[in-house]
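Notes follow the structure.
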Amino acid sequence: MTDRFLMCPPNHFEVAYVINPWMEGNIALGSNDIATRQWEALARLIGQVARVERMTPAAGVPDMVFTANAGLILGDKCVLSRFRHPERQAEEPHFGAWFRENGFDVLELPPDMVFEGAGDALLDRGEPLLWLGHGHRSTLECVPLLKEFLGIEIEPLRLVDERFYHLDTCLCPLEGGYLMYYPAAFDAESQARIMARVPADRRIAVGHADAHDFACNAVNSAGTVFMNRASKGLVRELQSRGFNVKQTPLTEFMKAGGSAKCLTLKLTEDRQSPDAGNLDARSVA
Ligand code: ARG
């Protein structure tokens with residue numbers, strides 16, 4: 001099956017406020033022209049192996065380009081995000097409308113529960129398991145509701161470096177059950193949990209420089225890994241596991257703290273768990 005990814009064109013993208021360390025000192029310093037070229041190049045590359053669906057961008061919500069944060073998808077179910085920062089909360093109705101119009105069964109979490117979608121909740125590619133990052137944005141309060149709605153096991157991971165504030169900035173499940181990640185972004189217990197769950201030959205630990213180039217913020221589809229940049233060593237390592245690596249500069253988006261993965265939301269997430277969720281789609285607010 002060809003994967004489908006949701007992307008939101010950067011017509012209104014800019015760094016207009018600071019809600020993560022990457023944005024500091026970058027307010028109004030970006031170029032929307034360059035951002036648009038970089039975004040189109042990423043969409044074109046991903047479009048060579050998958051389908052890219054473009055949503056209509058809205059004014060006044062510059063971070064809406066980061067569709068990874070729209071929600072979490074599993075099968076035809078979608079858990080709509082509840083953003084921590086007021087600056088991003090205005091994106092919620094836009095994403096909610098898109099999911100409903102496109103046939104998803106949407107769960108709305110209670111208004112005070114922070115959950116930033118596929119920025120913090122990543123499906124493992126080896127087993128039916130959801131990795132959930134917490135410590136900066138999403139909290140663990142949503143775990144019982146997510147479990148009930150999606151019927152999937154959840155493994156929480158605590159993030160401890162504020163530059164890696166979303167799980168998808170420092171961890172990337174890859175086809176074949178591989179897991180590329182930056183160990184220093186996690187507390188010791190979470191690092192141990194990753195090592196206990198993922199066999200050594202499936203773990204790809206990246207170093208400080210690659211992590212700060214957003215190498216873990218990668219999109220993986222049909223055997224290809226798309227990312228801003230990777231060292232020769234990391235490219236070789238991924239190639240040795242059978243992946244094609246495509247690098248495309250996303251520096252304008254890094255000024256806002258995002259890169260390839262943040263700019264996409266995979267819409268085709270198969271249910272791997274035999275234990276289907278049974279919570280009816282409804283608002284539990
Ligand atoms: N400026 C955005 C924020 O701080 C960037 C979001 C990046 N998205 C992601 N999935 N990591 O929320």
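The values are calculated or read from the model by the stated rules, or taken from the named source; none is laboratory data. Quick caveat: nothing in here was measured; it's all calculated off a predicted structure. Cβ coordinates were reconstructed from backbone atoms using ideal geometry, including for glycine residues, and neighbour counts include every protein chain displayed.
Just checking, does the range 182-202 include any residue being within 16 Å of the ligand (Cβ to nearest atom), touching a strand residue (DSSP E or B) at 6+ places or on another chain (Cβ under 8 Å), in contact (Cβ under 8 Å) with a residue 24 or more places away in the chain and closer than 14 Å to ASP120 by Cβ? Yes, the range 182-202 has at least one match.
On the stretch given as the range 1-18, residues that are touching a helix residue (DSSP H, G or I) at 6+ places or on another chain (Cβ under 6 Å) and either modelled with pLDDT under 95 or over 17 Å from ASN228 (Cβ atoms) (or both) total 6. Just for the range 81-104: of the residues that are surrounded by fewer than 16 Cβ atoms within 10 Å (Cβ to Cβ) and not in a helix (DSSP H, G or I), which one is nearest to the ligand (Cβ to nearest atom)? Taking the candidates together, the pick is HIS85.
If you go through the range 34-72 and keep only what is in a helix (DSSP H, G or I) and within 12 Å of the ligand (Cβ to nearest atom), you end up with PRO62, ASP63, MET64, VAL65, THR67, ALA68, ASN69.
Counting only residues that are in contact (Cβ under 8 Å) with a residue 40 or more places away in the chain and under 23 Å from SER221 (Cβ atoms), which one in the range 14-45 is surrounded by the most Cβ atoms within 10 Å (Cβ to Cβ)? Among those that are in contact (Cβ under 8 Å) with a residue 40 or more places away in the chain and under 23 Å from SER221 (Cβ atoms), it is LEU42. Here LEU159 meets each of (1) touching a His at 6+ places or on another chain (Cβ under 9 Å); (2) touching a residue at least 40 places away in the same chain (Cβ under 8 Å); (3) aliphatic (A, V, I, L, M) with one exception, condition (2). Does any residue of the range 10-33 turn out to be assigned to a loop (DSSP other than H, G, I, E, B), of a type outside the set (A, V, I, L, M), in contact with a Ser or Thr (Cβ under 8 Å, 6 or more places away or on another chain) and closer than 14 Å to LYS266 by Cα? Within the range 10-33, none of the residues are assigned to a loop (DSSP other than H, G, I, E, B), of a type outside the set (A, V, I, L, M), in contact with a Ser or Thr (Cβ under 8 Å, 6 or more places away or on another chain) and closer than 14 Å to LYS266 by Cα. Would you confirm whether or not the range 172-183 contains a residue that is under 24 Å from GLY257 (Cα atoms), over 17 Å from the mean Cα position of the chain (by Cα) and surrounded by fewer than 21 Cβ atoms within 10 Å (Cβ to Cβ)? Yes, the range 172-183 contains at least one residue that is under 24 Å from GLY257 (Cα atoms), over 17 Å from the mean Cα position of the chain (by Cα) and surrounded by fewer than 21 Cβ atoms within 10 Å (Cβ to Cβ). Scanning the range 46-59 turns up no residue that is buried (at least 19 other Cβ atoms within 10 Å of the Cβ), of a type in the set (Ser, Thr, Tyr) and free of Cβ contacts under 8 Å to residues at least 60 places away in the same chain. Kindly evaluate THR224 against the criterion of being farther than 15 Å from LEU171 by Cβ and either touching a Leu at 6+ places or on another chain (Cβ under 7 Å) or within 13 Å of the ligand (Cβ to nearest atom) (or both). Considered against the rule, which asks whether it is farther than 15 Å from LEU171 by Cβ and either touching a Leu at 6+ places or on another chain (Cβ under 7 Å) or within 13 Å of the ligand (Cβ to nearest atom) (or both), THR224 comes out as no. Within the range 234-259, being near the ligand (Cβ under 10 Å from one of its atoms) and touching a strand residue (DSSP E or B) at 6+ places or on another chain (Cβ under 8 Å) holds for one residue alone: SER259. Within the range 16-33, the set of residues being hydrophobic (A, V, I, L, M, F, W, C) and near the ligand (Cβ under 8 Å from one of its atoms) comprises ILE19, TRP22, MET23. If you go through the range 131-180 and keep only what is assigned to a strand (DSSP E or B), more than 14 Å from the ligand (Cβ to nearest atom) and among the aromatic types (Phe, Trp, Tyr), you end up with just TYR178.
Does ALA285 count as surrounded by fewer than 17 Cβ atoms within 10 Å (Cβ to Cβ), more than 14 Å from the ligand (Cβ to nearest atom) and at pLDDT 95 or above? Against the criterion (surrounded by fewer than 17 Cβ atoms within 10 Å (Cβ to Cβ), more than 14 Å from the ligand (Cβ to nearest atom) and at pLDDT 95 or above), ALA285 does not qualify. Going through the range 113-167 one residue at a time, which ones are of a type in the set (Val, Ile, Thr) and under 30 Å from ALA209 (Cβ atoms)? Within the range 113-167, VAL160 is the sole residue that qualifies.
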